[in-house]
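Everything below concerns the one structure shown next.
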Amino acid sequence: MTLGILAVLAMAFVMFAGFWTDWLWYRSVHYSSVFTTQLWTKIGLFLVFGLLMAFAVGLNIWLAHRLRPPLSAMSLEQQSLDRYRMGIAPYKKWMLLGITALIGLIAGASASGQWRTWLMWVNGVPFGQKDPQFKLDVSFYAFDLPWYRFMLGFGFAAAVLSLIAAALTHYLYGGLRITSPGARATGAATGHLSVLLGVFVILKAVAYWLDRYGLAVKSSDFKATNKWTGLRYVDANAYLPAKTILFCIAVICAVLFFATLWRRTWQLPVIGFGLMVLSAILIGGLYPAIVQKFQVQPNEQAKEAPYIQKNIDATRKAYGIDNADVENYKGTTDAKDNPKLRSDADAAASYRLIDPNVVSPAFQQLQQERKYYQFPSTLDVDRYKDKDGKEQDTVIGLRELNLKGIDKRNWINDHFTYTHGFGAIAAKGTSVDVNGAPDFTESGLPTSGQLASDYQQRIYYGEKTDQYSIVGGPQKELDYESEGKGQVTTSFEGKGGVSLSNPFNRAAYAVTFNEPQILYSGAIGKGSKILYNRTPKERVEAVAPWLTIDGDAYPAVVGKHIQWVVDAYTTTNGYPYASRTTLGETTTDSLTDNQRAVVAQQNQVNYIRNSVKATVDAYDGTVTLYQWDDKDPVLKTWMKAFPGTVKAKSAIPAELLSHLRYPQDMFKVQRELLTRYHVTDPAQFYSGSDAWQVPDDPTNKDNNAVPPYYLSMKMPGAESQGKMFSLTTTFTPNGRPNLGGFMAVDADAASKDYGKIRLLRVTDNVQGPQQVQSKLNGLPEVAEFVRNLRGTDSEIDYGNLLTVPLGGGFLYIEPVYARGGSANYPLLKKVGVSYGDKTAFKDNLADALSAVFGADGATPPTTTPPTTTPPTTPPATGDATVDQAIKDAQKAYDDGQKALAKGDWKAYGDAQKALQDALQQAADSEAKANKPKS
């Protein structure tokens, strides 16, 4: 008996441990209200719908038993069931309770999973927008209709289970007969079962009525788009009236079933039910098919035009692309016609030569410092001020912990000694050092440089940190190792983590993590805390389970801390007429991996807003949610459901605001929609003549979509403004390699035009990314470069192919890296530039631009211009003008070399222009002095 009791208690504790540790974790991050709101909502739904289902089924079983006929009236068929009736007679009450309890548990568990649907229904906020068909607020489809459908499904389940249970009980006690002659059912059984069938049919009538509204959010195949949502001509003119007629027929049929309480005959209900089934086939199936075949197909474009227009308007509104500026852009120009192109090219953009998708191995080799550190395979792009106070594009990555690099793996080392990474490493995005390696602005261990001084460099929470650590107790942690100080130890002092000082907590975590040593280890004592759920996306998803998380969390040094910035979205798939998209497919490109995949609360959506900017402190794990879109009704609904969890937009610190940016996954969803929905004319949309596609990444062999690129640049017509931090992408026409469009969005959260989408529709035949890459690969200089690399056992890596509108055309710039040889990491060795029909492949960007445009806008030379070689200082000529011109030339050359070393392309271009002018002045003066006098 004692062992049995202990076993039961142990099983109960195991079941309780998971619940208790979850509660402790939510309390440690100060989001306990999220845990309790979910918990009580689930419990409430479980109890209410479990009891309703149990009551419905139990009541009908009891009623069927009460309406049983007397035993003397039973047939021979029923007498054969005596042994079953006698067998269950002593246990009738217990069997009734057991059956109803089991059904209630199943129904309650299913209902508890609908906690999101319930909270959205009860807290729903109006959109202030009406659908074009029924003139209902969009909130009805987004918040109300899903709950009504759940209720209807529950009603159907209750009716069917009650009908089955009642029929079995009637059969067991003689109310129904199958093989015996005479009446098949007693009057009581007939009335009881007819009422249940009537309830089922009346629910079917409700379903027909709701189906009318469901047409506005119904997905279907359509020539104009394979992901069509909303009513089409056949829906509005055939299915909609058909559903109304079927609703009326179902109500009449239900009344006939209820009438059997008085008539005690199945004749009229059966006729009515047969009529309803026949009507469903003819009116609900055949009639719409006839309308589609003979009215729509002969002139489909004209018939569908009004509904296509509704779909276009709703889709553009739902995805936030309705205010995109679309303008025609020629896309071709001749450098000869514009002598300013060379200088304009310098001012058009800060060309990011450091590709964050390529240079991670260089960070790893040059800044890893110890084997137990690592950088992500794809680094991030942000903006930081240089030593002159000017903002520059910066590539940044955190030096996170890598347990696989520990020499001796054991439980103490894995979870107590090696607990955190150390430092943020940053490099200029627009320049490299003399060897082609990243030009680091923050480096070392501990780090130092141009980032915030004396910031907290320890990284306990990161994208690569997926194991638990126990910190803050008697066991010291390895902080970092340096040649001057040796091993430096530390002890976690942050406010995050769950205390293990309590033996009960230790026992709970020992069970949860299946690690008995947590319970009795001497390394755990007073002040010990356990850290887990340590990736930024994991933490934000846990405290806000109603959000969809962007695939790319990025670090930012804000004040004295490193903050992970996580973009989060509110979504729904209930926006009427807006076409749906699959987040998992739409947000996949050539860089997507498990770490950078979108965390989707629901995969199919037709409405999305970047409503929340979240931060996770890399040291103590503090999660903060900020309201970003204060007009989004979905976010307002969730803020009502979880009050106090999201801070106002005005609470965002100014220093954090300077690092916020337009999210990539949102941009990828919008660009996918704009491949078709840049067209607003229904006829053109239907024909698909101007449909685009996102091109494959020309630098990647996997045939995945080209990723969008962050870049500080100017858009055409914005010459009066400075370079804006933008997120850009290109489009090609469907099935064609040439350029079809260019899209850029203002990605700087501090800008008044943040989120403004500009779309250039290319009108001329312009080479697309694949064609430019092929043209670059075909250059003799590239072939020679590749041959030379083979001799050194090196490989070529192509960086991001940047596209920038310039002077009526498009400028393509691609950094080219060499990997291998003496340095087994990518080094920038060449830069490819293409503009119009001119392509260059040079040692640096300045030379490549000059080779394409000419140093002063003249016809580009076929070889390197003589001005790029250092002029020797000749002896004095005796002519003061010539001597001064030569001095000016030398100074201009020296200024150009200094600018080149700094990566200041504008200053370099100005110096080249001054050098040309000085040499020309010297030549003119000398020619004038040597000219014979008349």
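Scanning the range 541-567 for residues that are assigned to a helix (DSSP H, G or I) and either of a type in the set (Gly, Ala, Ser) or under 15 Å from the mean Cα position of the chain (by Cα) (or both) turns up 541, 542. For the range 479-503, the set of residues classified as of a type in the set (Asp, Glu), farther than 26 Å from residue 30 by Cα and surrounded by fewer than 13 Cβ atoms within 10 Å (Cβ to Cβ) consists of 483 only. For the range 20-63, name all the residues that are surrounded by 16 or more Cβ atoms within 10 Å (Cβ to Cβ), among the β-branched types (Val, Ile, Thr) and within 24 Å of residue 539 (Cα to Cα). 21, 29, 34, 37, 41 - these are the residues of the range 20-63 that are surrounded by 16 or more Cβ atoms within 10 Å (Cβ to Cβ), among the β-branched types (Val, Ile, Thr) and within 24 Å of residue 539 (Cα to Cα).
On the basis of being at pLDDT 90 or above and not in a loop (DSSP other than H, G, I, E, B), does residue 538 make the cut?
yes
The single condition from (1) of a type in the set (Lys, Arg); (2) buried (at least 23 other Cβ atoms within 10 Å of the Cβ); (3) at pLDDT below 90 that residue 399 fails is (3).
Go through the range 704-758 and report how many residues are closer than 20 Å to residue 554 by Cβ, polar (S, T, N, Q), free of Cβ contacts under 8 Å to residues at least 60 places away in the same chain and crowded, with 17+ Cβ neighbours inside 10 Å. Residues in the range 704-758 being closer than 20 Å to residue 554 by Cβ, polar (S, T, N, Q), free of Cβ contacts under 8 Å to residues at least 60 places away in the same chain and crowded, with 17+ Cβ neighbours inside 10 Å: 1 in total. Any residue at all in the range 668-687 that's farther than 17 Å from residue 314 by Cα, of a type in the set (Gly, Ala, Ser), crowded, with 19+ Cβ neighbours inside 10 Å and modelled with pLDDT under 95? No, the range 668-687 contains no residue that is farther than 17 Å from residue 314 by Cα, of a type in the set (Gly, Ala, Ser), crowded, with 19+ Cβ neighbours inside 10 Å and modelled with pLDDT under 95. Kindly evaluate residue 349 against the criterion of being at pLDDT below 90 and among the small types (Gly, Ala, Ser). Yes; evaluated as a whole, the condition is true for this residue. Residues of the range 751-806 that are hydroxyl-bearing (Ser, Thr, Tyr) and under 33 Å from the mean Cα position of the chain (by Cα): 751, 754, 763, 774, 798, 803. Restricted to the range 787-815, and to residues there that are among the charged types (D, E, K, R) and buried (at least 18 other Cβ atoms within 10 Å of the Cβ), the residue that is farthest from residue 840 (Cα to Cα) is 797. Evaluating residue 655 against the criteria (1) in contact with a strand residue (DSSP E or B) (Cβ under 8 Å, 6 or more places away or on another chain); (2) surrounded by 15 or more Cβ atoms within 10 Å (Cβ to Cβ) leaves one unmet condition, (2).
When residue 17 is tested against (1) of a type in the set (Gly, Ala, Ser); (2) surrounded by 18 or more Cβ atoms within 10 Å (Cβ to Cβ); (3) farther than 22 Å from residue 500 by Cα, exactly one condition is not met: (3).
For the range 206-222, which residues satisfy the criterion of being surrounded by fewer than 19 Cβ atoms within 10 Å (Cβ to Cβ) and within 28 Å of the chain's Cα centre (by Cα)? 214, 218, 219, 220, 221, listed by residue number. If only residues of the range 241-284 that are touching a residue at least 60 places away in the same chain (Cβ under 8 Å) and in contact with a helix residue (DSSP H, G or I) (Cβ under 6 Å, 6 or more places away or on another chain) are counted, the one that is nearest to residue 309 (Cα to Cα) is 276. Can you tell me which residues in the range 530-556 are of a type in the set (Val, Ile, Thr) and touching a helix residue (DSSP H, G or I) at 6+ places or on another chain (Cβ under 9 Å)? 530, 543, 548, 549, listed by residue number. Number of residues in the range 229-263 that are surrounded by fewer than 22 Cβ atoms within 10 Å (Cβ to Cβ) and either modelled with pLDDT under 90 or touching a strand residue (DSSP E or B) at 6+ places or on another chain (Cβ under 8 Å) (or both): the value is 5.
Scanning the range 522-540 for residues that are of a type in the set (A, V, I, L, M, F, W, C) and over 24 Å from the mean Cα position of the chain (by Cα) yields 523, 524, 530, 531. A search for C-beta distances below 8 Å between a residue of the range 293-318 that is surrounded by 15 or more Cβ atoms within 10 Å (Cβ to Cβ) and assigned to a helix (DSSP H, G or I) and any residue that is at pLDDT below 90 and among the charged types (D, E, K, R), counting only pairs 6+ apart in sequence or on different chains, returns 300/223. Among the residues of the range 504-525, the one identified as within 12 Å of residue 468 (Cβ to Cβ), surrounded by 20 or more Cβ atoms within 10 Å (Cβ to Cβ) and not β-branched (Val, Ile, Thr) is 509. Residue 151 passes every criterion in (1) in contact with a helix residue (DSSP H, G or I) (Cβ under 6 Å, 6 or more places away or on another chain); (2) surrounded by fewer than 21 Cβ atoms within 10 Å (Cβ to Cβ) apart from (1).
Checked against the criterion of being farther than 21 Å from residue 831 by Cα and out of contact with any Lys or Arg (no Cβ under 7 Å at 6 or more places or on another chain), the range 349-362 contains not a single residue that satisfies it. Considering 83, 27, the condition of being basic (Lys, Arg) and either at pLDDT below 85 or out of contact with any helix residue (DSSP H, G or I) (no Cβ under 9 Å at 6 or more places or on another chain) (or both) is satisfied by 83 alone.
The values are calculated or read from the model by the stated rules, or taken from the named source; none is laboratory data. Note that the structure is a prediction, hence the values are computed from the model and not measured. Using ideal geometry, Cβ is built from the backbone for each residue, glycine included, and neighbour counts are taken over all protein chains shown.
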